[in-house]
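Heads up: the structure comes next, in structure tokens.
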Amino acid sequence: MEAGTITITGHEGDEIEAYLARPTGRAAFGGMVVIHHLPGYDAGTKEIVRRFAAEGYAALCPNLYSRQAPGASPDDAAAFVRAQGGIRDEQLVGDVDGAARHLRGLPGATGKVGVIGYCSGGRHSFLAACSLQLDAAVDCYGACVVNPPPAGFPLAVEPLIGLAPQLSCPLLGLFGADDKFPSPEETATLSAELDRLGKPHEFHTYDGAGHAFFSVDRPAYRPEAAVDGWAKIFAFLGTHLAG
Amino acid sequence: MCTYITEKVAVEGSAKGADGWFALTHATAYVDHPVHAPFGHTVNIDFLAPERGPSARVAVELTEEDARALVGAITRALAAAPPGIASREQ
């Protein structure tokens, strides 16, 4: 594979930093936009990008904090952006759109593009899939998709379930049974709403796992859930991004 | 969970970061995922000078118990000192 930092055109034509990994020696490949979590465009997220390339997809992660904190270390950038109230949903959608366009334009691209995000990026993945024409979406434990923020935490984010009728592609949801944000009740509500709307989706909730069970460098890591989750991701992409 | 809620106060003082000492203008406190501490969530406190850029930051990540203990320690240290001795108006 080839991997490295590039510049792409994001929301409102802004030039932003992004991390691209793509397979070499492959005639045709689908694309995945990887949305980083709230702690930023960090080493763990770049590792995820490379994992998709190792499995035969071109993957691209836009640095959502590129505008406010260019060149800063990921944790400093995340703290800096956070102190300013975070990033707006419309900016996220514009940046994912820019990343998807870049992936579709790569030599060898099939034109099919999916999106995946973890934690806050899980909510962002659903938002992008309801706002853009995509081919597959993966939501890894994104909170505040169904429920508003809990009492006492007046978050600057809104629930997204009202956008579900616009969901443009099949959705894979991977959640932890011990997670409170999103809780199993919340993800069950989303699943029921997608059933009602006839939107194809596949949800898995892992016992013994909580929030962030994919994070290999965190105490929340749950190997059994993560290994099975990765297998589910690549099976899902094999169905929806192949060809 | 990820919360954007950040308690922010203007502060006057100094902190020592990766590039040495710098004058502070703000401090923030929030409960969220840590970058380094081995817990799911921590109380995160940043000492900042935003006009110097994102890297002008001294960060700590504490457990809830230890953050409360630190608040108590600061309160006791101030109570043991003559009032106003460390004031902006000293």
Margin query: Looking at region A:209-217, can you tell me whether even one residue there is touching a strand residue (DSSP E or B) at 6+ places or on another chain (Cβ under 8 Å), more than 17 Å from A:Phe126 (Cβ to Cβ) and exposed (fewer than 13 other Cβ atoms within 10 Å of the Cβ)?
Written below: no
Next item on the list: Give just the number: which of (1) under 15 Å from A:Leu167 (Cα atoms); (2) not in a strand (DSSP E or B) does A:Val113 not satisfy?
Entry: (2)
Check: Condition test on A:Ala212, is it on the phi > 0 side of the Ramachandran plot and within 14 Å of chain B (Cβ to nearest Cβ)?
Finding: yes
Check: What tally of residues in region A:26-44 results from selecting those that are of a type in the set (Gly, Ala, Ser) and farther than 20 Å from A:Gly111 by Cβ?
Finding: 3
Next item on the list: State whether one or more residues within region A:71-94 are of a type in the set (S, T, N, Q), touching a residue at least 40 places away in the same chain (Cβ under 8 Å) and under 12 Å from A:Tyr41 (Cβ atoms).
Entry: no
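For A:Pro159, are the conditions met, namely being touching a Pro at 6+ places or on another chain (Cβ under 7 Å), more than 13 Å from chain B (Cβ to nearest Cβ) and modelled with pLDDT of 95 or more? Spell out the reasoning first.
Values: touching a Pro at 6+ places or on another chain (Cβ under 7 Å): yes; more than 13 Å from chain B (Cβ to nearest Cβ): yes; modelled with pLDDT of 95 or more: no.
Criteria not met by A:Pro159.
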Note to self: I'd like the full set of residues that are within 22 Å of A:Tyr41 (Cβ to Cβ), assigned to a strand (DSSP E or B), modelled with pLDDT of 90 or more and not hydroxyl-bearing (Ser, Thr, Tyr), limited to region B:29-45.
What the structure shows: B:Asn44
Check: Looking at (1) among the β-branched types (Val, Ile, Thr); (2) modelled with pLDDT of 95 or more; (3) outside any helix (DSSP H, G or I), which is the one condition that is false for A:Thr189?
Finding: (3)
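Listed here are the residues, each with its yes/no results for (1) touching a residue at least 40 places away in the same chain (Cβ under 8 Å); (2) in a helix (DSSP H, G or I).
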position	(1), (2)
A:Ala100	yes, yes
A:Pro107	no, no
A:Arg123	no, yes
A:Ala128	yes, yes
A:Gln133	no, no
Notebook entry, point to check: With respect to the numbered conditions (1) closer than 25 Å to A:Lys112 by Cβ; (2) free of Cβ contacts under 8 Å to residues at least 24 places away in the same chain; (3) among the aliphatic types (A, V, I, L, M), which one is the sole condition not fulfilled by A:Val33?
Noted result: (2)
Checklist line | Residue count for region A:86-131, restricted to those that are in contact with a strand residue (DSSP E or B) (Cβ under 8 Å, 6 or more places away or on another chain), closer than 21 Å to A:Asp14 by Cβ and of a type in the set (A, V, I, L, M) | finding: 9
Next item on the list: Among residues belonging to region B:1-28 that are facing another protein chain (nearest Cβ under 7 Å) and part of a loop (DSSP other than H, G, I, E, B), point out the one that is modelled with the highest pLDDT.
Entry: B:Thr6
Check: Across region A:70-103, which residue is nearest to the other protein chains (Cβ to nearest Cβ) among those that are more than 24 Å from A:Val115 (Cβ to Cβ) and polar (S, T, N, Q)?
Finding: A:Ser73
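Being modelled with pLDDT of 95 or more, more than 28 Å from A:Pro219 (Cβ to Cβ) and of a type in the set (Asp, Glu): is that true of A:Asp97 here?
Numbers: modelled with pLDDT of 95 or more: yes; more than 28 Å from A:Pro219 (Cβ to Cβ): yes; of a type in the set (Asp, Glu): yes.
Judged against the criteria, A:Asp97 is a match.
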Next item on the list: Would you tally the residues in region A:54-95 being within 22 Å of A:Met1 (Cβ to Cβ) and crowded, with 22+ Cβ neighbours inside 10 Å?
Entry: 7
Next item on the list: Tell me which residues, restricted to region A:125-148, are of a type in the set (Asp, Glu) and crowded, with 24+ Cβ neighbours inside 10 Å.
Entry: A:Asp139
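Matching residues to (1) surrounded by 17 or more Cβ atoms within 10 Å (Cβ to Cβ); (2) modelled with pLDDT of 95 or more; (3) of a type in the set (Lys, Arg):
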position	(1), (2), (3)
A:Glu12	no, yes, no
A:Glu15	no, yes, no
A:Tyr19	yes, yes, no
A:Ala27	no, no, no
A:Gly30	yes, yes, no
A:Gly40	yes, no, no
A:Thr45	yes, yes, no
Next item on the list: Being farther than 22 Å from A:Val216 by Cα, in contact with a Leu (Cβ under 7 Å, 6 or more places away or on another chain) and more than 9 Å from chain A (Cβ to nearest Cβ) is the filter; apply it to region B:46-65 and report the residue that is surrounded by the fewest Cβ atoms within 10 Å (Cβ to Cβ).
Entry: B:Ala49
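Taking the conditions exactly as written (modelled with pLDDT under 95, over 17 Å from the mean Cα position of the chain (by Cα) and closer than 18 Å to B:Gly40 by Cβ), does A:Phe153 satisfy them or not? Explain how you work it out, then say what you get.
Numbers: modelled with pLDDT under 95: yes; over 17 Å from the mean Cα position of the chain (by Cα): yes; closer than 18 Å to B:Gly40 by Cβ: yes.
For A:Phe153, the condition - modelled with pLDDT under 95, over 17 Å from the mean Cα position of the chain (by Cα) and closer than 18 Å to B:Gly40 by Cβ - is met.
The values are calculated or read from the model by the stated rules, or taken from the named source; none is laboratory data. It should be emphasised that the depicted structure is a prediction, and the values quoted were computed from it without experimental measurement. Here the Cβ is made from the backbone with ideal geometry for all residues, glycine too, and neighbour counts use every protein chain on show.
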